[in-house]
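What follows is a short report on a single structure.
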Amino acid sequence: MLVLFETAAGYALFKLLDEKKLEKTDNLYQEFNDAESASRIVKLKHFEKFTDTTEALSAITASVEGKISKTLKKVLKNHVENEQLLVADPKLGSAIKDKFDLPCVAHTHTQELMRCIRSQLDSLLAGLPKKEMTAMSLGLAHSLSRYKLKFSPDKVDTMIVQAVCLLDDLDKELNNYIMRCREWYGWHFPEMGKLVTDNIAFVKTVKILGTRENSASSDLSDILPEEIEAKVKEAAEISMGTEISDDDIINIQHLCDQVIEISNYRTQLYDYLKSRMMAMAPNLTVLIGELVGARLISHAGSLINLAKQPASTVQILGAEKALFRALKTKKETPKYGLIYHASLIGQTSVKNKGKMSRMLAAKAALATRVDALGEDGTFNLGAEHRAKLEARLRVLESGNSRKISGTGKVKAKFEKYHGISEIKQYNEEEDVNLDTKGKRKRGQSTSEVKEEVQETETTETPKQKKKKAKKEKAEAVEESEEVKEEQQPTEELQSSPEKKKKKKKKSKEVAEAEE
């Protein structure tokens, strides 16, 4: 039975002399108290030394990942022939078994044997001095830690920090230069500032055009559309600007050259930043974009520092002043910082921006940790999280949220903020005033009131009908009396002299009869 032991200097193959010792591993360390007792149990068969640190690093990283390195393949082919092999790592043992059809053993007894061999390694490996062994183990430890942390030129985040800071400075300088160019050339040709709105097109037009007198002979078809070119040439003929000398226009054109060079360098720097972000933080780049991701890394100091931050800090990173001002004045804290400029938050409505920034910050924190500490350099996690956030955004914007206790409370909240355009027609029935006994309720049409009145009439009792008939008769009698009273004055006026004569006659006859 052979024992495969891995060291910083190379691979060692030991011959196990007494296999029964593996059965009783509780007191095995007592057998390795000194070099003589250790040599009675194991004996060195072969030692394969690494040529340099790179070979040692590749061999150790392969064994960490459970793979067989080239050096180990060479050792197993030349020195192991159908013998049982004791291995410390079960993954490595299964790989050796699949590749060479060798019976490999990896359990707790082998781990105890490996510890005992490590305690007497200096005496068992007689050809290696102790100083050389410690130096090789120290160098390999540094190399392996760099490899595990991906400390390579592709993963240096200081390049991203410097590039994004330079990009922001270039944007500021470009704005200042273009404003100066527009103001300077506006004294000579002020009408062109309103016609050509694009800054780079304006600068290129000034460089080709020179003074406005050259507008008829100059060709601007490569820079401007035909309609705008025609308008510029028409405005140049009737321009109200002042005349300038040739020295003035030469200096303006030099400024235009500087603006064009800076803009070209900015596009080149942006492409460099994009490629560097995809190499260093692919998941973060896919999720929130290269510019926002680079600004977050720059604000945090490094990718590792950003990975250490919780999602709540990532959400308000860049809004520290507003946060402390809100805490001091006891007002509402900010909901977003630099992450506000991400495309996902820009697509959301105002009422959902805070919720979307919280979800995006949580996913960005996970993506940053995978990019900083993970070994996989793909962007599958970022793409998956982005798809989930986009689906959630569609749900939020449509208002189809989950119901609370089986009611439509949430939907009513969302409908409150959405302006629903409805075409309402004028209801003419609501203008009709009916002499109904019952009052019309709020929101009730007149037709409904009519129906209610008819229903009450049909349900009346016989006594009520008699009372109604009596009332109607009394009303009719009163009306007839009123008509008679109106007719009486006219009749009295006509017959008043005749009545007076009759009264006199009657009074005379009564007096004669009494006599």
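Determine which member of the set Lys99, Lys130 is farther than 28 Å from Ala35 by Cβ, touching a helix residue (DSSP H, G or I) at 6+ places or on another chain (Cβ under 9 Å) and basic (Lys, Arg).
Numbers: Lys130 fails: farther than 28 Å from Ala35 by Cβ.
Being farther than 28 Å from Ala35 by Cβ, touching a helix residue (DSSP H, G or I) at 6+ places or on another chain (Cβ under 9 Å) and basic (Lys, Arg) holds for just one of Lys99, Lys130, which is Lys99.
What are the residues in region 182-200 that are within 19 Å of Glu243 (Cβ to Cβ) and either open to solvent by less than 20 Å² (accessible area, probe 1.4 Å) or small (Gly, Ala, Ser) (or both), if any?
Matches in region 182-200: Tyr185, Gly186, His188, Phe189, Met192, Gly193.
Just to verify a result, which residue in region 68-91, among those that are among the charged types (D, E, K, R), free of Cβ contacts under 8 Å to residues at least 60 places away in the same chain and surrounded by fewer than 15 Cβ atoms within 10 Å (Cβ to Cβ), is nearest to His109 (Cα to Cα)? I'd like the intermediate steps shown before the answer.
At the first step, the residues of region 68-91 found to be among the charged types (D, E, K, R) are 70, 73-74, 77, 81, 83, 89, 91.
Filter again for free of Cβ contacts under 8 Å to residues at least 60 places away in the same chain, leaving 70, 73-74, 77, 81, 89, 91.
Now narrow it down to the ones that are surrounded by fewer than 15 Cβ atoms within 10 Å (Cβ to Cβ): 70, 73-74, 77, 81, 91.
On the way: Lys70: 28, Lys73: 25, Lys74: 27, Lys77: 26, Glu81: 23, Lys91: 17 Å.
The residue in question is Lys91.
Considering (1) modelled with pLDDT of 90 or more; (2) on the phi < 0 side of the Ramachandran plot, say which one Gly241 fails and leave the rest.
Looking at each condition in turn, Gly241 falls short on (1).
Quick check: anything in region 108-121 modelled with pLDDT under 80 and surrounded by 15 or more Cβ atoms within 10 Å (Cβ to Cβ)?
Yes; the residues of region 108-121 include at least one that is modelled with pLDDT under 80 and surrounded by 15 or more Cβ atoms within 10 Å (Cβ to Cβ).
Filter region 141-161 down to residues that are part of a helix (DSSP H, G or I) and at pLDDT 80 or above and give me whichever is farthest from the chain's Cα centre (by Cα). Talk me through it step by step, then tell me what you get.
Initial filter on region 141-161 (part of a helix (DSSP H, G or I)): 141-148, 153-155, 158-161.
Retained after the next criterion (residues that are at pLDDT 80 or above): 141, 158-161.
Numbers: Ala141: 40, Thr158: 25, Met159: 25, Ile160: 21, Val161: 22 Å.
Ranking the qualifying residues of region 141-161, first place goes to Ala141.
Considering region 201-232 alone, what residues qualify as being closer than 18 Å to Ser245 by Cβ, open to solvent by 50 Å² or more (accessible area, probe 1.4 Å) and either modelled with pLDDT under 90 or in contact with a Pro (Cβ under 9 Å, 6 or more places away or on another chain) (or both)?
Across region 201-232, the qualifying residues are Glu213, Asn214.
State yes or no: is Thr378 closer than 25 Å to Leu306 by Cα and exposed (fewer than 15 other Cβ atoms within 10 Å of the Cβ)?
Here the answer is yes, as Thr378 does meet what is asked.
Listed here are the residues, each with its yes/no results for (1) open to solvent by less than 50 Å² (accessible area, probe 1.4 Å); (2) closer than 25 Å to Ala361 by Cα.
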{"position": "Ser245", "(1), (2)": "no, no"}
{"position": "Ile250", "(1), (2)": "no, no"}
{"position": "Asp257", "(1), (2)": "yes, no"}
{"position": "Tyr265", "(1), (2)": "no, no"}
{"position": "Met277", "(1), (2)": "yes, yes"}
{"position": "Ile288", "(1), (2)": "yes, yes"}
{"position": "Leu291", "(1), (2)": "yes, yes"}
{"position": "Ala300", "(1), (2)": "yes, yes"}
{"position": "Ser312", "(1), (2)": "no, yes"}
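When Ser37 is evaluated against the numbered criteria (1) surrounded by 12 or more Cβ atoms within 10 Å (Cβ to Cβ); (2) within 24 Å of Leu140 (Cβ to Cβ); (3) without any contact (Cβ under 8 Å) to a residue 40 or more places away in the chain, which criterion, by number, is the only one it fails?
For Ser37, the exception is condition (2).
Testing Gln120 on (1) within 23 Å of Lys21 (Cβ to Cβ); (2) out of contact with any helix residue (DSSP H, G or I) (no Cβ under 6 Å at 6 or more places or on another chain), one condition comes back false. Which one is that?
Here Gln120 clears every test but (2).
Please verify whether region 32-49 includes one or more residues that are farther than 18 Å from Gln120 by Cα and touching a strand residue (DSSP E or B) at 6+ places or on another chain (Cβ under 8 Å). Spell out how you get there, then give the answer.
Let us first name the residues in region 32-49 that are farther than 18 Å from Gln120 by Cα, namely 48-49.
Going one step further and asking which of them are touching a strand residue (DSSP E or B) at 6+ places or on another chain (Cβ under 8 Å), we end up with 48-49.
Among the residues of region 32-49, at least one is farther than 18 Å from Gln120 by Cα and touching a strand residue (DSSP E or B) at 6+ places or on another chain (Cβ under 8 Å), which makes the answer yes.
Considering only residues that are open to solvent by 50 Å² or more (accessible area, probe 1.4 Å) and closer than 16 Å to Ala12 by Cα, look in region 48-62 and name the one that is farthest from the chain's Cα centre (by Cα). First the steps, then the outcome.
Applying the first criterion (open to solvent by 50 Å² or more (accessible area, probe 1.4 Å)) to region 48-62 yields 49, 51-54, 58.
If we keep only those that are closer than 16 Å to Ala12 by Cα as well, we get 49, 51.
Working: Lys49: 53, Thr51: 51 Å.
Looking at residues that are open to solvent by 50 Å² or more (accessible area, probe 1.4 Å) and closer than 16 Å to Ala12 by Cα, I get Lys49.
Those residues that are within 48 Å of the chain's Cα centre (by Cα) and assigned to a helix (DSSP H, G or I), I need them from region 98-124; list them, please.
Asp98, Lys99
Which condition from (1) at pLDDT 80 or above; (2) open to solvent by less than 70 Å² (accessible area, probe 1.4 Å) is the one that Lys21 breaks?
Of the numbered conditions (1) at pLDDT 80 or above; (2) open to solvent by less than 70 Å² (accessible area, probe 1.4 Å), the odd one out for Lys21 is (1).
The values are calculated or read from the model by the stated rules, or taken from the named source; none is laboratory data. This is a predicted model, so every value here is computed, not measured. Cβ: placed from backbone, ideal geometry, glycine included. Neighbour counts: every protein chain shown. Surface areas here come from the heavy atoms of the whole protein model, side chains and all, with no ligands, DNA or RNA. Shrake-Rupley method; radii C 1.70, N 1.55, O 1.52, S 1.80 Å.
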